[in-house]
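Scroll down for the structure; my scribbles are underneath it.
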Amino acid sequence: MWCYVALDRAMKMARELGYDEDCQRWEPVRKKIKSRILSDGWSEKKKAFTMVLGGEELDAANLLMPLVGFLRARDPKMTSTIERITEELSKDDLLYRYNVDDGQPGKEGTFTVCSFWMVDCLTRLGKLREADELLHQLTKRSNHLGLYSEEIDPETGEALGNFPQAYTHMGLITASVHLEEARRKTAFMRHAKAISNKIGGR
């Protein structure tokens, strides 16, 4: 997916700079990558996108698909993937990145940034109340300075891994900004509809 994103962004820059010939060369490759992911990265058994092509294991990193513009959150396959990740990788308000043996010693904690990706996905699905509730729970997971670690032990709440983790905080910021934007848009639409109804009633 990141190969797709790299080409997609490179094409946008090339168009801005007038290098259309590069776009013509890259477009078929970008399409081929996306087609391969949509076919071989999808599991009919799991009804979800998987960790590896042709695999069956889930990976919460696939929540990034709508966040980077690969697929819309409301795409049926993406919506199903979000549901499966919630079912198999969640522990209360937290999410494990995956549930496979990665060869590393010790027990893995939940990956904090994955939960913020989930907030963003719920927002894009229009589930603003669920997104707000999840974000509220996650704010309780920070330390007294409002900082987050890379991982959290779901049983004890202990901070694990790198601390503070910049990646986690970027997830918090973007999820919060997108949720607030969605709230304002929803409030504006409701207000506009109310005004329209009043005018129509007259």
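The values are calculated or read from the model by the stated rules, or taken from the named source; none is laboratory data. Since we're looking at a predicted model, the values are computed, not measured. Backbone-built Cβ (ideal geometry, glycine too); neighbour counts: all protein chains shown.
Data table
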item	result
Failed item in (1) modelled with pLDDT of 90 or more; (2) within 22 Å of Thr50 (Cα to Cα); (3) in a loop (DSSP other than H, G, I, E, B); (4) not hydroxyl-bearing (Ser, Thr, Tyr), with Trp117 passing the rest	(3)
Filter result for the condition that a residue is in contact with an Asp or Glu (Cβ under 9 Å, 6 or more places away or on another chain) and surrounded by fewer than 16 Cβ atoms within 10 Å (Cβ to Cβ), over Lys32, Lys45, Lys12	Lys45
Failed criterion for Asn99 (all others in (1) farther than 19 Å from Leu179 by Cα; (2) of a type outside the set (Lys, Arg); (3) touching a strand residue (DSSP E or B) at 6+ places or on another chain (Cβ under 7 Å) hold)	(3)
Residue satisfying condition, being free of Cβ contacts under 8 Å to residues at least 40 places away in the same chain, assigned to a loop (DSSP other than H, G, I, E, B) and surrounded by 10 or more Cβ atoms within 10 Å (Cβ to Cβ), within set Pro164, Pro105, Pro154	Pro164
Subset of segment 83-102 [surrounded by fewer than 23 Cβ atoms within 10 Å (Cβ to Cβ) and under 13 Å from the mean Cα position of the chain (by Cα)]	Glu83, Thr86, Arg97
Every pair of residues 6+ apart whose Cβ atoms lie under 6 Å, when the first sits in segment 177-190 and is in the same structural domain as Val119 (by TED's automatic domain parsing) while the second is part of a helix (DSSP H, G or I) and surrounded by 11 or more Cβ atoms within 10 Å (Cβ to Cβ)	His178/Asp120; His178/Thr123; Leu179/Thr123; Leu179/Ala131; Ala182/Thr123; Ala182/Leu128
